[in-house]
Amino acid sequence: MKGSILLTTIVGAAGLFLGRVVLGQASAHPVAPHTPQLISFWTEDFSAPLPAGDYYITATDGSGVRTPDNEFRLTEGTNGERGRIFYLTPAWMDEFVTNFSLYLGDETDVTPVADGAAFIFCPSYDYAPSSGYFLDASCPGGYIVAFDTYEIDNDIHYARMYVALENTNTRLCQTNLLDLGVLANGNWHDFSVTLDNYTIEVSLDGRTPWECVLPDYQPFVGYFGFSAATGGYFAEQLVDNISIDANPIRIYLPFVSR
């Protein structure tokens, strides 16, 4: 899985070439080190039943469930599925460090696999559902880090990673087209996503991260979540081993003297 990633910033209909980032061997050092002022915010490995009231989950039948193998199935491997899980504790979205694992199907089982999954940070979690191409991630005012397995060029299917605002049509940065087997090869993949004020870095399997600058980014109170969807094609898509360090929302009571 050595290769290179081309990072493009999209402004309106124009694309600006920024350069290449080499996907080298996994680093011996953490790609996303813990930032001292952040706290361990959301940790979940799905090894136990999900506590009532901690999560917002919405899905089609067969999707959006904890599996017997202690993973969370975003979509089952059939057409027209969608699934979403959000952590119901709000955070201040100025910076965070996120690590998680995704399974995005196997191109040798069904070709093409579709449609991919997304990591989302958004002011809301109960937004209107969307499936297929939109990965059930169309969140007003929110940001999407997508791991898309249904990108088409000249009738050939590829994968792509990108960062988008509000829905998958409004892409701020994206990689070049990737061989489908980079993401959908029947293996679990480890991802790291960090936000530092207005810059996102995304790393795949510990390799050198690529960077996306968010234009005019303003921190907000919001929620973390994951989603996935299938359309005319399909794949079983799962998430596991979620670990997020973030800034919680603190409420300060007024000091009253007597």
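The values are calculated or read from the model by the stated rules, or taken from the named source; none is laboratory data. If you're wondering where the values come from, they're calculated on a predicted model, not measured in any experiment. Note that each Cβ is placed from the backbone with ideal geometry, even for glycine, and that neighbours are counted across all protein chains shown.
Per-structure values
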item	result
Residue satisfying condition, being within 22 Å of SER192 (Cα to Cα), of a type outside the set (Ser, Thr, Tyr) and free of Cβ contacts under 8 Å to residues at least 60 places away in the same chain, within set ASP155, ASP148, ASP136	ASP148
Candidates TYR233, TYR158, filtered to the one that is closer than 30 Å to GLY62 by Cβ, in a loop (DSSP other than H, G, I, E, B), touching a strand residue (DSSP E or B) at 6+ places or on another chain (Cβ under 7 Å) and among the aromatic types (Phe, Trp, Tyr)	TYR233
The one condition in (1) surrounded by fewer than 15 Cβ atoms within 10 Å (Cβ to Cβ); (2) touching a Pro at 6+ places or on another chain (Cβ under 7 Å); (3) hydrophobic (A, V, I, L, M, F, W, C) that LEU50 fails to fulfil	(2)
Selection status of ALA28, at pLDDT 95 or above and either under 22 Å from VAL163 (Cα atoms) or of a type outside the set (Ser, Thr, Tyr) (or both)	no
Filter result (outside any strand (DSSP E or B) and surrounded by 17 or more Cβ atoms within 10 Å (Cβ to Cβ)) within region 182-204	VAL182, LEU183, ALA184
Complete set of residues in region 101-127 that are outside any strand (DSSP E or B) and either at pLDDT below 95 or under 17 Å from GLY80 (Cα atoms) (or both)	LEU104, GLY105, GLU107, THR108, ASP109, VAL110, THR111, PRO112, VAL113, ALA114, ASP115
Check on ILE120, more than 22 Å from ARG207 (Cβ to Cβ), surrounded by 21 or more Cβ atoms within 10 Å (Cβ to Cβ), in contact (Cβ under 8 Å) with a residue 12 or more places away in the chain and β-branched (Val, Ile, Thr)	yes
